[in-house]
Amino acid sequence: MANTGTSYAGRLLERTGLFTPEQTAALLDEARRGEASLSALVVRNGYADERTFLEALAGVLHVPFMRLADTAIEREVLDRLPTKAVFQYNVIPVAVEEGALRVATDDPLNPGLAESLRVASGARIVFAVSPAEDIARAARTLYGVGAETVDRMMQDGRFEVAEEETLAKADLSQLDQEASIVKFVNQVIWEAARQQATDIHVEPMEEKLRIRYRIDGVLHETPVPPQLNRFQAAIISRIKVMANLDIAEKRLPMDGRIGLRVEGQDIDIRVSTMPTVYGESVSLRLLQRRGQFIGLRDLGMNERDCGLIQRIIHRPNGIVLVTGPTGSGKSTSLYAYLHEINTIDVRILTAEEPIEYEMGGINQVLVRPEIGLSFARALRSFLRQDPDIIMVGEIRDLETAEIAIQASLTGHLVFSTLHTNDAAGAFTRLLDMGVEPYLAASAVEAVVAQRLVRKLCRTCRRAVEPEAERLAEAGFPVDRLEGRELYEPDGCEACRGTGFHGRGGIFEVLPASETIESLVIQRSASNVIRQEAMREGMQTLRDDGWQKVLEGVTTVEEVLRVTEENE
């Protein structure tokens, strides 16, 4: 807000009843410097929260206070104001009223704003007041991510692709690149990181370029400007340049990596391209290298399973396997185990592809098969490095399995992962690889199968009366309801309208008892091993999921979505 008239703005601020004369004078003085909107200055100085201030200001100005998440805005209204003006001034048109354009803003006292918007729209401007984040979120949703950049490219009638450059430690929130394509790609990645997405998919369709984010394990299509497909080749080329890939090769799949810093957070991005009928599809996997480690007790295990794992990971030797499909949180669990036992008197070596988190105090090796550094070769070298604990990212073949078993039988504790549907299946998978049954039985101390379920948003979840018949059809143990309420998703701003916020684990912990070892040596089928483990007290994935439903953590549908039918 620049050059605010003290007499007018000052009187309005005093009429809100929120400020002393001294505070009003200080606010107006800061506002004249144009560093931030008035509402931002009020919050920054601790005078009031944004909503309280804007509601009071709306009352004084006799204009509506609007929460845009609850407001339907017609397309023709959005078209009344150029995209550039929407993002430049952080405003959004909400309605046409008697020939005037109603525009939501968080800075209605800015004296030049109404005139600038009048010139841009060609209409008389009347204001509504909304929180700044409401406006920014609505603009991204209604106009699409990077809409102002695409709009400028359309107006220019041209676009630029920057030459290959080093972006390894550039901060996306501070980049000031002139090339519009560079800026657009940065905006897509920044928005994905802001929403805590794990993957970005850039997918050429017949008539559009679709961009989807995977958030909490579920894909969401992000709104983009309709004309984005005109810049498809340039966008994909830019991503390939950032990943040091050959932009001329469009016929073969390629893999690369990008290292970036987003708002001070180091992020590794794995890039994969795939030729499709409408052009190259690009997938980006976002990995935060210095994430906040989750403790063992924060994983979400029940008391029995947590106690079992606590005892097992403090044993001097043996193999602990974590199983589940891609994206089931196996790496997070392994890091939680390592974090629990990472002390000054133990030497820990890990072989990973990629290194998803950097953990202080342990020696992490990046496996690179293209130069001959495989999991097996790294493991073989580890045995000459005097380790106490070894973590190998995945057991993929017989050679890796045999070295891991050899390490466990010679006094090392080994952690690794397998892709199996349940805990019992890990034993049969090892035998299928060619591991001798007696070796698998004697080496493996425990198997943990796991899945991730979306957690209900605590802000908006709603209690519902359980429908016993429907639950019984789903296999839910209705006898455990005992008059309890269950919860369902609703949707609010905190969870982006999905009803879910974050993910948590459901677990199946199978310790290798003498009976289980005997069954493995006999090459018993996995369902036989599973039944014996359940007799010994193992809680299945689905049973653990039902417990999370009863605790109000997740829903029946989520548990059914991530667990197998035969459970």
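The values are calculated or read from the model by the stated rules, or taken from the named source; none is laboratory data. A quick note: this is a predicted structure, and the numbers were derived from the prediction, not measured. As a convention, Cβ positions derive from the backbone with ideal geometry for all residues, glycine included, and neighbour counts pool all protein chains shown. Accessible surface areas use protein heavy atoms only, side chains included; no ligands, DNA or RNA. Shrake-Rupley method; radii C 1.70, N 1.55, O 1.52, S 1.80 Å.
Hey, can you tell me all the residues within segment 235-267 that are acidic (Asp, Glu), in a strand (DSSP E or B) and either modelled with pLDDT of 90 or more or open to solvent by less than 10 Å² (accessible area, probe 1.4 Å) (or both)? Steps first, answer last, please.
Applying the first criterion (acidic (Asp, Glu)) to segment 235-267 yields 246, 249, 255, 263, 266.
With the extra rule that they be in a strand (DSSP E or B), the set shrinks to 255, 266.
If the condition is that a residue be acidic (Asp, Glu), in a strand (DSSP E or B) and either modelled with pLDDT of 90 or more or open to solvent by less than 10 Å² (accessible area, probe 1.4 Å) (or both), then Asp255 is the only one that fits.
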Subject >> Residue that is nearest to the chain's Cα centre (by Cα), among those in segment 111-133 that are open to solvent by less than 40 Å² (accessible area, probe 1.4 Å) and hydroxyl-bearing (Ser, Thr, Tyr) >> reply: Ser130
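Considering Ile516, Ile506, Ile529, which residue is surrounded by 13 or more Cβ atoms within 10 Å (Cβ to Cβ) and either under 23 Å from the mean Cα position of the chain (by Cα) or at pLDDT below 95 (or both)? Lay out the reasoning, then the answer.
Working: Ile516 fails: either under 23 Å from the mean Cα position of the chain (by Cα) or at pLDDT below 95 (or both); Ile529 fails: either under 23 Å from the mean Cα position of the chain (by Cα) or at pLDDT below 95 (or both).
Only one candidate qualifies: Ile506.
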**OP:** Can you give me the number of residues within segment 70-110 that are open to solvent by 80 Å² or more (accessible area, probe 1.4 Å) and either touching a residue at least 40 places away in the same chain (Cβ under 8 Å) or under 12 Å from Leu142 (Cβ atoms) (or both)?
**Re:** 7
Original post:
Would a scan of segment 397-413 turn up a residue that is in contact with an Asp or Glu (Cβ under 8 Å, 6 or more places away or on another chain), open to solvent by 30 Å² or more (accessible area, probe 1.4 Å) and at pLDDT below 95?
Top reply: no
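Tell me yes or no: at least one residue of segment 418-434 is in a strand (DSSP E or B), hydrophobic (A, V, I, L, M, F, W, C), touching a helix residue (DSSP H, G or I) at 6+ places or on another chain (Cβ under 7 Å) and open to solvent by less than 10 Å² (accessible area, probe 1.4 Å). Lay out the reasoning, then the answer.
Let us first name the residues in segment 418-434 that are in a strand (DSSP E or B), namely 418.
Remaining after also requiring hydrophobic (A, V, I, L, M, F, W, C): 418.
Remaining after also requiring touching a helix residue (DSSP H, G or I) at 6+ places or on another chain (Cβ under 7 Å): 418.
Those left that are additionally open to solvent by less than 10 Å² (accessible area, probe 1.4 Å): 418.
The answer is yes, given that some residue of segment 418-434 is in a strand (DSSP E or B), hydrophobic (A, V, I, L, M, F, W, C), touching a helix residue (DSSP H, G or I) at 6+ places or on another chain (Cβ under 7 Å) and open to solvent by less than 10 Å² (accessible area, probe 1.4 Å).
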Original post:
Could you list, in sequence order, the residues of segment 457-493 that are at pLDDT 85 or above, in contact with a Pro (Cβ under 8 Å, 6 or more places away or on another chain) and part of a loop (DSSP other than H, G, I, E, B)?
Top reply: Cys457, Cys460, Arg461
**OP:** Could you give me the residue pairs with C-beta distances under 6 Å whose first residue belongs to segment 425-446 and is closer than 14 Å to Leu510 by Cα, whose second residue is of a type in the set (D, E, K, R) wherever it lies, and which are 6+ apart or on separate chains?
**Re:** Ala441/Glu517
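Scan segment 268-304 for residues that are in a loop (DSSP other than H, G, I, E, B) and farther than 28 Å from Ala449 by Cα and report the count.
Here is the first cut: in segment 268-304, the ones in a loop (DSSP other than H, G, I, E, B) are 277-278, 289-295, 299-302.
After this cut, where a residue has to be farther than 28 Å from Ala449 by Cα as well, the list is 277-278.
Qualifying residue count for the region: 2.
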Subject >> Residues that are aliphatic (A, V, I, L, M), within 17 Å of Asn186 (Cα to Cα) and either outside any loop (DSSP other than H, G, I, E, B) or at pLDDT 90 or above (or both), drawn from segment 216-234 >> reply: Leu228, Ala233, Ala234
Original post:
In segment 43-54, what residues are surrounded by 14 or more Cβ atoms within 10 Å (Cβ to Cβ) and either more than 22 Å from Arg496 (Cβ to Cβ) or among the β-branched types (Val, Ile, Thr) (or both)?
Top reply: Val43, Tyr47, Ala48, Thr52, Phe53
**OP:** Among what's in segment 476-503 and is basic (Lys, Arg) and over 19 Å from the mean Cα position of the chain (by Cα), pick the residue that is farthest from Gly545 (Cα to Cα).
**Re:** Arg484
